[in-house]
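This report refers to the structure that appears directly beneath it.
None of the figures in this text is laboratory data; all of them are computed from the coordinates on show. Model, not experiment: these values are computed from the prediction.
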């Protein structure tokens, strides 16, 4: 874990991703690192604590970038990464919609 001060933010984001991905295999679930795969074994999502932020990595965004809600554009950093630095960020509420959209792509990437 690169920055323990982000643990509460990570826990909140990981819970949203875990709940939205119910039924998919969780391959790593330890403080600061959550990884979820598709049933076929393809990477789906990861939530990791970095030094200055908590990153959410969603592989479906690489293949289907248009599924990212416009409200989350400001959080995008790279092709498949969203950055969060504050657990009070209003944009966190938009993650459920994004996870649903990502789930709809499973089997197509």
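Structure summary
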read-out	value
Compactness index (Cα Rg / 2.2 N^0.38 Å), the chain	0.97
Coordinate range along principal axes, alpha carbons of the stretch 59-109, Å, largest first	34, 20, 15
For the stretch 63-109 versus the stretch 22-37, the gap between their alpha-carbon centres in whole angstrom	17 Å
Candidates 12, 48, 35, ranked by Gaussian network fluctuation over the chain, Cα under 10 Å, top entry	12
Relative contact order computed over the stretch 4-103 (Cα-Cα under 8 Å; 6+ residues apart), in percent	26 percent
Per-residue [θ]222 nm for the chain (sum of -39500 (n - 2.57) over DSSP H runs n ≥ 4, rounded to 500)	-7000 deg cm²/dmol
